[in-house]
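Note sheet for the following structure.
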Amino acid sequence: MNLIEVLTSQVLIKSLLVSFLSSSAITLLGIFVVLKKSIFITLAISEVAGLGLILGLYLGINPYGSMILITFFIVILFSFYKNKKYFSEDKIVAIIYALSFCLSIILLSKTTFSQTHIIDSLVGNVLAISNIELILDFVCFLICVLFFILFHKQLFFIYSDPETSCVFGLNYNFLNFLFFLVVGFSIVCFLKSIGIILSFSYLSIPCSFAIIKAKKISDLISKSLIISLSSSFFGTITSFIFDIPLAATIVIYLGIFGVLFTIFIRS
């Protein structure tokens, strides 16, 4: 297959569409993850979603249902847990991540689909995405963008100055819960297509670099999206040309573009 055939193939176009939908939606949410300094909470949520998928497959039930149920429970825990005398937030994250990962390994060791499904849960499988799942990804994209449009001002306020936001009548607990609920929902929706690693990378890497050069909120949003979308575009094309894993390639491009962006782009 020559370069022209690769660039015009339906598989590549579908992969680019999934990459653009997931990268833009999750990166917008990742801005608040970085501002709140909750990057590792989202890693734990991603791992729990992966456990939900594996548990559903192991029990022979709808994996999306099991993912949604277990992810919803963890979101409630992270949103409303207050007793930090014995277990700080970092400790809870470490415990949940370690338990989820080990439970996933145990379940996979007792099944016949261990190697294939553990790889798919980590890095996704765009080739296995059906048209219905592609529509689901698009709906998830719309929900994330709509959530960002409706609540970005409130979230910027409560995460940059929680005490003052309460004085102005903003309900921190509710908005925080709603935010992590949308994060969990997006991870569940995009898990099959892009996997845990790329979901976490979209949540953390673009904004972590963009915030270095951003002077205002609009700069932070635009620069995060530029890093994310450009990495998705070149990563997807590189993956298809050289036949290498898609998610891993995009993550590498996120790092490369992030470093270049930091060095060459003015504040």
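All of the numbers you see were taken from the coordinates with simple rules; none came from a lab. Not measured: the values here are computed from a predicted model. Using ideal geometry, Cβ is built from the backbone for each residue, glycine included, and neighbour counts are taken over all protein chains shown.
Quick notes on this structure:
- Backbone HN-Hα couplings from phi across the range 223-238 [Karplus 6.51/-1.76/1.60, Hz, Gly and Pro as x]: 5, 4, 5, 4, 4, 5, 5, 5, 5, 5, 5, 5, x, 5, 5, 4
- Cysteines not pairable in the chain (beta carbon separation under 4.7 Å absent): Cys102, Cys144, Cys166, Cys207
- Compactness of the range 220-267, expressed as Rg and Dmax over alpha-carbon positions, Å: 11.3, 37
- Here the chain is treated as a Stokes sphere of Kirkwood radius computed over C-alpha pairs; at 25 °C and 0.890 mPa s its diffusion coefficient rounds to 129 µm²/s.
- Computed from phi, the 3J(HN,Hα) profile of the range 212-219 under the Karplus parametrisation 6.51, -1.76, 1.60 (θ = phi - 60°) reads 5, 9, 6, 9, 9, 4, 4, 5 Hz, with x in place of Gly and Pro.
- For the range 167-179, 3J(HN,Hα) computed residue by residue from phi via the Karplus equation (6.51, -1.76, 1.60; θ = phi - 60°) reads 5, 7, x, 7, 7, 4, 4, 5, 5, 5, 5, 4, 5 Hz, glycine and proline entered as x.
- GNM top mover of Phe138, Phe168, Phe20 - the chain, alpha-carbon springs below 10 Å: Phe168
- Cβ-placed point charges (K, R +1; D, E -1), dipole of the chain about Cα centre in debye, nearest 20: 660 debye
- Of Lys37/Lys110; Lys14/Lys36; Lys91/Lys192, those spanning more than 30 Å from alpha-carbon to alpha-carbon: Lys37/Lys110; Lys14/Lys36
- Cα centroids of the range 15-87 and the range 128-145: 17 Å apart.
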